[in-house]
Each structure stands twice: as C-alpha cells, then as structure tokens.
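Just so you know, all these numbers are worked out from the coordinates, no wet-lab data involved. Just so it is clear, the model here is predicted, and its values are computed rather than measured. A quick note on method: Cβ atoms are made from the backbone with ideal geometry, for glycine too, and the neighbour counts reach across all protein chains shown.
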C-alpha cells in the first residue's frame, strides 16, 4: 500500500447512485487515482476490478456514495476485507510507508512480512489486513489466491533484481542510464507492488545510496 492522491470530482459530476461510480467517467477517475492497480495488494491492472469502500458502508448511503471513500481494488482484496478493517490507513491522506514496511521472504517458503513502524491503531489494522491478503489461509480458496499473488510478487522482484544487477555491472554510460530509468519506473508509486520494491531499496544501504532519491 502506498500514498495515493485523490482527485476532486470535476465540476458537473455527481454521485447519486452506485452506477455512477461503476461507470466512466467517474470509474476511470478512480482507476487513474489508484494508478490502475488495487490500492491494497498493489497488483497492477488486476482482473475482477472492484470499487472498494475503504470504510465499509453496511447500507449507509452516505458512505456508499462518498467520493473520498471509493478506491480501486481487486476481487481478492475486496472479498477478503469485506465489512471489516474499517480503521486501516487512509492512503489518500497519510503515507502508509511511514507506518508499515512490507517485504518478501522467499525462503523457506514465499511469505510477505509486514512490520509496524508506528504504534497506531491504523498501522496495526492495516498490517493485519495485509497479512491476510498476502498470507491468509482462512479457506482453501483464499490460500490458493494468496499463493498465486505471492508468486506474482516474487516474479516482479526477480525482474527488479535483474535490472539492479545489470545496472551494477554495466560500464557503458548510455546503457547504464537506460537501466536506471527502468529501475526508477519499478520503484515509482505507480508500479505494481511498489511498497515491497521500495522496501528493497530502503533495506539495502548500497541501493539506498544509489536510488534513495527516487523514492520521494
């Protein structure tokens, strides 16, 4: 989960019913604000797109139609979160990376580790949700979804590691700059699983020295 910028609704656009935010132009604005990825797990261009209510509405029309309460999620995260976890970090107002750190543990089995950086209710609840999203074994279906999600994360991290290694070995400055641009795109907040990739940079002093300035 990374910081997102919530755009104001353009003049003349109003949300009067659920269909208004399930179709363009409002749905497109939600997708753009979330970088076309699930705001919870950060899978890019997920299948099963959902409009997620950060605070579960439980039939409350004000929450159902509240623009600031609407974000993009994948089916896995929307279903897993359900009507619970109503005090997660509001990533449109706070930077989740200041409250939690997410990293991938590849051995002895693929596992996503979530560390709490600030002792707040929001950080604890977000960490609990993300642990369920990435590592949950509540049901066989959820377990299978988590395994597949972790495999996609590991693939992204492997691709990133290849680019980091190429950058480190490259002597030709032009080629080195091309690798640098690829790395910058990979650690941008708009990238898939950005929080995990950015944590790799933060947790490695040599990478932080070289690429830390691109994490802003």
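Would you work out if segment 16-94 is rounded, prolate or oblate? Take a ≥ b ≥ c from the square roots of the eigenvalues of the alpha-carbon gyration tensor; rounded if a/c is under 1.5, else prolate when a/b is larger than b/c, oblate otherwise. All intermediate terms of the calculation are to be shown ahead of the outcome.
Working: a/c = 1.41, a/b = 1.06, b/c = 1.33.
Rounded.
Which of 28, 197, 16 moves the most in a Gaussian network model of the chain with Cα springs under 10 Å?
Per the Cα network of the chain with a 10 Å cutoff, 16 tops the list.
To the nearest 500 deg cm²/dmol, what mean residue ellipticity at 222 nm is calculated for the chain from DSSP H runs of n ≥ 4 alone, each contributing -39,500 (n - 2.57), summed and divided by the residues?
Computed mean residue ellipticity for the chain: -13500 deg cm²/dmol.
Report the calculated FRET efficiency for residue 119 and residue 55 (r = Cβ-Cβ distance, R0 = 25 Å), to the nearest 0.05.
Between residue 119 and residue 55 the formula returns 0.70.
Apply the a/c threshold of 1.5 to the C-alpha gyration tensor of segment 155-216 and tell me whether it is rounded, prolate or oblate.
prolate
Pull out a ≥ b ≥ c, the square roots of the eigenvalues of the alpha-carbon gyration tensor of segment 99-161, then state rounded if a/c is under 1.5, prolate if not and a/b is larger than b/c, and oblate in the remaining case.
Since a/c reaches 1.5 but b/c is at least a/b, the shape of segment 99-161 is classed as oblate.
With every atom except the alpha carbons ignored, what do you get for Rg and Dmax of the chain, in angstroms?
For the chain, the Cα-based Rg and Dmax read 18.1, 60 Å.
Quick one: what do you get for segment 69-124 if you divide its Cα Rg by 2.2 N^0.38 Å?
1.29
Defining a contact as two alpha carbons under 8 Å apart and six or more residues distant in sequence, what relative contact order in percent does the chain show?
Values: 298 pairs, mean separation 41.5, N = 216.
Contact order relative to length: 19 percent.
Taking the Cβ-Cβ separation of residue 184 and residue 155 as r and a Förster radius of 22 Å, what is the calculated FRET efficiency to the nearest 0.05?
The formula returns an efficiency of 0.65 here.
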